[in-house]
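Values quoted throughout were computed directly from the atomic coordinates according to the rules given, and no laboratory measurement underlies them. Fair warning: this is a prediction, and the values are worked out from it, not measured in the lab. Cβ sites come from the backbone with ideal geometry, for glycine too, and all protein chains shown count toward neighbours.
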C-alpha cells in the first residue's frame, strides 16, 4: 500500500529489495550468473549469509536479520567440493576489477644493486697550505673560494720576522763555513731549520744563490685543483699552524651510494660499478667499490659504499645526485614472477594463482633475489602457472576471510529458517543451540507483528546468557503455528 504526499506517490519496497552494493557483492562473489561458467548447469548454493555477519549461515534465502538487505548465497565449487580459500569470479568481471595475470617463467637473474648516491670530494686528494711561523699576509694572489689553481702557482706572500731571522742565520752559517770548513755543521743545521719552518728546497736554494734574505716568503699550491677554503685575507695576521688555503683535486671523485639492509651482503670491495647524473644524460661513469662502511645508518637503515670514479673533465661536481648500479654476482637461472604479484604480510609471502575459469587461490611462496622488476621464487610455484599481477589484494582479502570463517564455524550445517530451530532473529527453538550461545523452546512468531519467511506466529521472550534481556538471543516460550 503506497503513501501519497506532496503530489508524490511512495510505493512500498519489495520484500527482496537490498542495497545496490550488496547486490554487486553477490554478483562479484558468485560470478554474476546462475549457472556454472561455460556449462549452463544450475549452481548449487551451500548456504546463505549476511556479508556483514558472515559467521552466521542460513539454509534458505531471505532478508538478513542483522541488516536491511538480502542474504547472499555461497555456491559450491565447480568440482563439487569446497576448497577453503578458493575464490570464483565471473570472467566477465575480471576486466572490470582490473585483474591481470602473468606466467611463471624460468629466466636468469643476477644480484644487481640499483640505488642512489651523491658525488663527493675524494678526501685522499685534499692538500692544506699552512703557516709555521707568525706573520702577516702582505700580498694575496688568490682571493675567492673555488678558484682553480695549478701546481706551483703562487698563492700568497707573507712577512714573518721569524722566517726572516732564520734566513739571516742561514746566510751567516754559509759564510762561516766558507771561511772555516770545520763549521759546516752549523750551516747544515740552519738549512734544516728553514725546512722545518715550511720553506721548500727550491726556496732555500734561491736564498743561498742570491746571498740575501727575502723579506716576504712565498706560499705555492702543492697540487692542481680548486680552492676549497680560503682562511686569510690580504693584511691579515697569521699564526703558527693556521690554515691559509685548502686545495682539492677533483680529477677523481667519490660517489657515496646508499645500500639497503637487505642488499648489504651483496656489495664488497672491488666490485664494478656504474654511475650517471641527470646533468649528463646518457653518460656512464665506470669505477669500482673502494670501501664499504662498517656502520649502518639507523635513520635510513642503509649502508654506505664508496665508489671511486675518474673525472678528467671535471664534469662531476661534488653534491650532484647520482644513480648507481653495482654488479653483485653471476647470473643464475631461476623461476621468476613480476615483483608486483607478491603480497607481503609481514609473516609470509603470498601469490594469487589463477587456476582458470575464474578460479583463484592464494599460494604461500619462498622468495629470493629481486632485480629488474622480477623476483625469484624458490618454493611454492611451478613453471607455466598463471599468477595475478594486478588486483590480487582484493582476492587475497576475500580468501583470508573465507578461511577464517570456516575455522570459526561451530557446525558445518546451516541454520534452518522454516523449522522450530533457533534463528538469529528469533530466540525460540527446540532446545537446539544456535550461534551466539542462544537456546529456546517452543514455537514462536515474528516480533513487532511483522511476518518473516520460515518463522511461525506466536509470542516469545528471551534472555541472554549474560543475564541481559535481548529479543535476539536467549530462551523463550510460546505457542503458535508455523508458516
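Taking each residue as 0.36 nm, the span from residue 379 to residue 366 lengthens on full extension beyond its C-alpha to C-alpha distance by 4.2 nm.
Does the range 173-238 classify as rounded, prolate or oblate by the C-alpha gyration tensor (a ≥ b ≥ c root eigenvalues; a/c under 1.5 gives rounded; else a/b over b/c gives prolate, otherwise oblate)? Prolate, because a/c is 1.5 or more and a/b exceeds b/c. Going by the alpha-carbon gyration tensor, a ≥ b ≥ c the square roots of its eigenvalues, is the range 73-220 rounded (a/c under 1.5) or, if a/c is not under 1.5, prolate (a/b greater than b/c) versus oblate? In terms of gyration-tensor shape, prolate. For the range 261-305, what does the alpha-carbon gyration tensor say about shape, rounded, prolate or oblate, given a ≥ b ≥ c as the root eigenvalues, a/c under 1.5 as rounded, and a/b over b/c as prolate? Cα axes put the range 261-305 in the oblate bin.
Rg and Dmax of the range 225-369, based on Cα coordinates, read 23.7, 89 Å.
Expressed as a fraction of 2.2 N^0.38 Å, the C-alpha radius of gyration for the range 200-281 is 1.90.
Stretching the chain fully between residue 68 and residue 162 yields a gain of 23.8 nm (0.36 nm per residue, less the alpha carbon separation). Report the residues of the range 239-274 in range of a label on residue 291: point 7 Å along Cα→C-beta, backbone N strictly under 15 Å from it. Answer for this model: 253-257, 269-270.
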